[in-house]
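**Q** Let me begin by handing over the structure; questions about it come next.
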Amino acid sequence: MSSTTKESLTEATFASFNLSDGTQRAITEVMGYTNCTSVQAETLPATLRGMDVVVKAKTGTGKTLAFLIPGIERMLKEPAGRGKVAMLVISPTRELAAQIAEEAKQLVRHHKLGVQVMFGGTNMNKDINDLQRRAPDVLVATPGRLLDHLQNTETLRPLLSNLRMLVLDEADRLLDMGFRQEIEKLTRMLPPKDGRQNMLFSATYPSNIRELSKIALRPEYQLVDTVGDEDTHAAETVRWKINQTNTIAQRWCSRII
Ligand code: ADP
Ligand code: MG
């Protein structure tokens, strides 16, 4: 376990969240985890209740499980139906997409759920064959390949009609890599966002992420900030400005008096 992951562990246990037996067993037996990291402990209460969240958290703090667990739990309670994708995870790079899919496969070990990953640089017909053989319950994809399928092939789009959960992972990287238009187009091609749960994960929370949150999430989303630097910084700036103003006001008053 990396030192970042170790440092972010909390007292909260996965067992305290009343997860389904299959998910709990996978976490304990397949992954070997007992305690939640802070991002998991702080988001699971909201996400397991079905709320949309924007989550600001550092790399290596366990964001993958923070979105996979509520995604799996939701599709067990509210299945998308035979031949439909229940959860779509959009990830900026092939490597990250592949890692997320591996973790999802571990998490569904005791469930009858399928996971598929797709990204550019591979044969699109192979994606299509896999989709046709069995629509995955969890689909992890890079934005370019996803859009390519939605715009240029016929197979994927109808499979997304009952989507229960959309995740934008590493949203700041998605934007840094110039995927904003793709994400906007993608969200327009999916069924309306109020019919599903939406989550956005990012290491930073600048204004372009706030804009993206408005596009991809339902309006009443909750912001979970496990970093807090920017807010502290913002609070300090405000305090500094107030002090400045007070000093100027005091000088003014003393001059008048
Ligand atoms: P992030 O997406 O925040 O960068 P990851 O989800 O990739 O982080 O997790 C980083 C590492 O920590 C992974 O190896 C993951 O399996 C591990 N991990 C995640 N949650 C826990 C946990 N609760 N206890 C121990 N290790 C964990
Ligand atoms: Mg991650």
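Coordinate-derived values only; no laboratory data. Owing to the predicted nature of the structure, the values given are computational and were not obtained by experimental measurement. Glycine gets a Cβ as well: all are built from the backbone with ideal geometry, and neighbour counts include every protein chain shown.
**Q** Quick one: angle between helix 229-256 and the longest Cα principal axis of the chain, in degrees between 0 and 90, rounded to 10, please.
**A** So the inclination is approximately 20 degrees.
**Q** Same structure again: Angle between the Cα long axis of helix 94-107 and the longest principal axis of the chain, 0 to 90 degrees, nearest 10?
**A** 70
**Q** Note down the nm distance, to one decimal, between modelled labels 7 Å out along Cα→Cβ at Q106 and at Q132.
**A** Reported label-point gap for Q106 and Q132 is 3.4 nm.
**Q** Between C36 and residues 5 or more places away or on another chain, which pairs have amide H atoms under 5 Å apart, with H built 1.01 Å from N, and which residues are they?
**A** Distant-sequence amide H within range of C36: T10, A12, T13, F14.
**Q** On a 0 to 90 degree scale, rounded to 10, what angle separates helix 124-133 from the longest Cα axis of the chain?
**A** 70
**Q** May I pose another question? Please report, in whole Å³, the volume per residue of the convex hull around the C-alpha atoms of the chain.
**A** Working: hull volume 40.0 nm³, N = 257.
So the per-residue hull volume is 155 Å³.
**Q** Moving to a separate point now. So what's the net charge close to L163: Lys and Arg +1, Asp and Glu -1, counting the other residues with Cβ under 13 Å from its Cβ? It would help to have the intermediate numbers written out before the result.
**A** Details: positive: R74, K84, R157, R164, K193, R196; negative: E78, D137, D194.
Summing Lys and Arg as +1 and Asp and Glu as -1 gives +3.
**Q** A further question follows. Set the Förster distance to 22 Å, then compute FRET efficiency between E29 and T4 from the Cβ-Cβ distance, nearest 0.05.
**A** Numbers: r = 24 Å, r/R0 = 1.11.
With R0 = 22 Å, the Cβ-Cβ based efficiency is 0.35.
**Q** Projected area of the stretch 18-58, taken from the Cα convex hull and averaged over every viewing direction, in nm²? It would help to have the intermediate numbers written out before the result.
**A** Working: hull surface 13.8 nm².
Dividing the Cα hull surface by four gives the mean projection, 3.5 nm².
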